[in-house]
Amino acid sequence: MQRRLRVSIRRLVAERAIVANANSALTRSWYALLLFCTGRFEDAYQQYERAAEIDPLWFINLQIWGNLILSSGDPLKALAMYERAANLRTEPYIPNLGYQAMAHFRAGHTEAALRLAREVRGLATLSPRWQADAYAIYILYQAGHTQEAESHAREILPRYPADSYIR
């Protein structure tokens with residue numbers, strides 16, 4: 001009951017923020033994330049789409065929109081969104097590489113997924129990383145590269161505190 005109330009209050013605040021500033025890509029993207037986290041995927045999709053119309057060069061909006069699409073079960077459409085986001089950057093963005101790897105893996109493109117998983121591993125000094133390492137390890141392991149997956153886990157895990165969601 002208390003959790004539902006908190007979510008309802010957050011949604012109400014977000015909806016009022018949208019009314020107050022309908023042309024804010026940031027407000028729409030945060031609202032979309034709230035909708036996404038509460039299972040309202042269609043509404044979230046519309047908000048991400050509107051945020052992208054307002055600011056088509058904001059790569060992180062496209063990145064998170066791709067996450068919604070991937071979570072909704074369309075890895076090819078998600079991959080297109082991740083590539084669109086990646087094309088707006090001049091340097092690698094590790095979370096994007098990890099999500100591209102997972103989208104390829106879910107689409108059955110194992111070789112492309114492995115290439116990207118290894119790229120994530122090879123760029124171990126760059127951050128932020130979000131779930132990229134977890135995805136890389138998962139893909140390596142699922143593709144039968146157990147030793148490589150375990151080696152990557154041994155290299156990366158000491159970097160994160162014991163209570164980190166990434167672990």
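Inspection of region 158-165 finds no residue satisfying the criterion of being of a type in the set (A, V, I, L, M, F, W, C) and open to solvent by less than 40 Å² (accessible area, probe 1.4 Å).
Under the condition of being closer than 26 Å to T90 by Cα and either open to solvent by 70 Å² or more (accessible area, probe 1.4 Å) or touching a helix residue (DSSP H, G or I) at 6+ places or on another chain (Cβ under 6 Å) (or both), the residues counted in region 33-51 number 4.
Within region 109-133, take every residue that is among the polar types (S, T, N, Q) and under 18 Å from the mean Cα position of the chain (by Cα) and give me the one that is surrounded by the most Cβ atoms within 10 Å (Cβ to Cβ). Here the residue is Q131. Residue count for region 136-165 under the criterion of being under 16 Å from M102 (Cα atoms) and of a type in the set (V, I, T): the result is 2. Given the conditions (1) under 20 Å from E83 (Cα atoms); (2) not in a loop (DSSP other than H, G, I, E, B), report the number of the one that P56 does not fulfil. Exception for P56: condition (2). The number of residues in region 55-83 being touching a Leu at 6+ places or on another chain (Cβ under 9 Å), open to solvent by 60 Å² or more (accessible area, probe 1.4 Å), touching a residue at least 12 places away in the same chain (Cβ under 8 Å) and farther than 19 Å from R28 by Cα comes to 0. The residue list A103, A136 contains one member that is under 28 Å from D43 (Cβ atoms), surrounded by 15 or more Cβ atoms within 10 Å (Cβ to Cβ), free of Cβ contacts under 8 Å to residues at least 60 places away in the same chain and not basic (K, R), which is A103.
The conditions of being free of Cβ contacts under 8 Å to residues at least 60 places away in the same chain, in contact with a Phe, Trp or Tyr (Cβ under 9 Å, 6 or more places away or on another chain), over 16 Å from L68 (Cα atoms) and basic (K, R) are met by R167.
The values are calculated or read from the model by the stated rules, or taken from the named source; none is laboratory data. Every value quoted in this text rests on a predicted model; they were computed, and no experiment measured them. All Cβ positions, glycine included, derive from the backbone under ideal geometry; neighbour counts span all protein chains shown. To get the accessible areas, we keep the full protein, side chains included, count just its heavy atoms, and leave off ligands, DNA and RNA. Shrake-Rupley method; radii C 1.70, N 1.55, O 1.52, S 1.80 Å.
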